[in-house]
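The next block holds one structure in the form of structure tokens; read it before the comments.
The values are calculated or read from the model by the stated rules, or taken from the named source; none is laboratory data. The structure displayed is predicted, hence computed values, not measured ones. Note that we place each Cβ from the backbone using ideal geometry, even for glycine, and neighbour counts take in every protein chain shown. These accessible areas exclude ligands, DNA and RNA; they are computed on the full protein's heavy atoms, side chains included. Shrake-Rupley method; radii C 1.70, N 1.55, O 1.52, S 1.80 Å.
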Amino acid sequence: MRDFNKIFVIALPRCATVSLCDALGMIGVPTAHLGRIFGEQGEEHNNPQRLTRIYQQIKAGDYDLDILRECRGLADYPACSVPVFRQFDRQYPGSLFINVRRDDDLERWIQSVERQFIGLQLVKQGKQSTPEEQRFMQVMLGFREMTFGQSNFDAEVYLAAYKKFQLGVAETFASRPRDLLDIQDIAELERNGFR
């Protein structure tokens, strides 16, 4: 079995990033989803303090992330931004990158993104939200802008960003297919599991 430096789940949000993070953790590769490392207690799939630190480091151009001293990989933000995962590729040579596509049902993907993004924003920025939740949402909006080109949900913009992202993945790994596990459609995970 091949050994990897780090493992980055670069799939866009709503493309099985939580499931892949959990699967990697179950096979002994502790991976962080939005700052929460597999196995940590809590109901949320994130750790706002760590995610904020990740954001601060990325914005400062520091890709020697603190969290990657605690775990072996990242899923979702910030790894799902083409410039960011390209920098991770340089910073952590010998790593594996995992992408899950939803090309066969982009309409369903965009609906899922809309529900999750707008719902999260309503909760974290609503009248009942705490200052910590509001700060967390600002970080999430920053990552959305980094990934999709803008933080406010717009179906056409986000669909265009999805297609541009997939081209960026293909270009980056065209000459190095062994460094990319490209799962052509999320349905493959449903049919085959994580074998």
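Dipole of the chain, Cα-centred, from +1 at each Lys and Arg C-beta and -1 at each Asp and Glu C-beta, to the nearest 20 debye? List each step's numbers first, then the result.
Numbers: 25 positive and 27 negative charges, 65 e Å.
Roughly 320 debye, rounded to the nearest 20.
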Place the peptides 22-31, 67-76, 167-176 in order of packing, highest mean first, counting for every residue the other Cβ atoms within 10 Å and averaging per peptide.
-> 67-76, 22-31, 167-176
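Suppose only helical runs count, i.e. DSSP H with n ≥ 4. What mean residue ellipticity at 222 nm does that imply for the chain under -39500 (n - 2.57) per run, divided by all residues and rounded to the nearest 500 deg cm²/dmol? Don't skip to the end; give the middle numbers.
Details: 7 runs with 96 residues, N = 195.
It comes out at -16000 deg cm²/dmol, rounded to the nearest 500.
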Among 7-17, 147-157, what's the highest-first ranking by average C-beta atoms within 10 angstrom per residue?
-> 7-17, 147-157
For the range 33-111, the spread of Cα positions along each principal axis, largest first, Å = 36, 33, 23
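R0 = 45 Å: FRET efficiency of VAL157 with ASN5, Cβ-based, nearest 0.05? Could you put the intermediate results ahead of the total?
Details: r = 34 Å, r/R0 = 0.75.
E(calc), rounded to 0.05, equals 0.85.
Indicate, rounded to the nearest 5 percent, the antiparallel portion of the DSSP beta bridges found entirely in the chain. Walk me through the numbers before you get to the answer.
Details: 3 of 16 bridges.
Around 20 percent of the beta bridges assigned by DSSP in the chain are antiparallel ones.
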Over the chain, average the accessible area per residue using a 1.4 Å probe and give it in Å², no decimals.
-> 52
Rounded FRET efficiency, nearest 0.05, which uses the C-beta distance separating ALA174 from ASP103 and R0 of 25 Å = 0.90
For the range 89-161, what is the convex hull volume of its Cα atoms per residue in Å³?
-> 119
When the charge dipole of the range 1-123 is computed with +1 at the Cβ of Lys and Arg and -1 at the Cβ of Asp and Glu, the Cα pointing farthest to the positive end, of LEU65, ILE110, PRO48, is that of LEU65
HN-Hα J in Hz across the range 170-180 - Karplus 6.51, -1.76, 1.60, θ = phi - 60°, x for Gly and Pro = 4, 5, 4, 10, 4, 9, 9, x, 5, 8, 10
Using modelled backbone amide H atoms (1.01 Å from N, in-plane), which distant-in-sequence or interchain residues come within less than 5 Å of ASP185's amide H?
-> ARG101
Any aspartates and glutamates whose Cα falls less than 19 Å from that of LYS164, other than same-chain ones fewer than 8 residues away, would be ASP76, ASP89, ASP103, ASP104, ASP105, GLU107, GLU114, GLU145, ASP154, GLU156, ASP182, ASP185
GluC sites (Glu not before Pro) in the range 8-50 lying in a DSSP loop, each with at most 12 other Cβ atoms within 10 Å of its Cβ, come to GLU43, GLU44
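Volume per residue, Å³, of the convex hull around the alpha-carbon atoms of the chain? Write down the numbers at each step before the final one.
On the way: hull volume 23.4 nm³, N = 195.
Cα convex hull per residue, to the nearest whole number: 120 Å³.
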Carbon and sulfur together cover what percent of the accessible area of the range 1-66 at a 1.4 Å probe radius?
-> 48
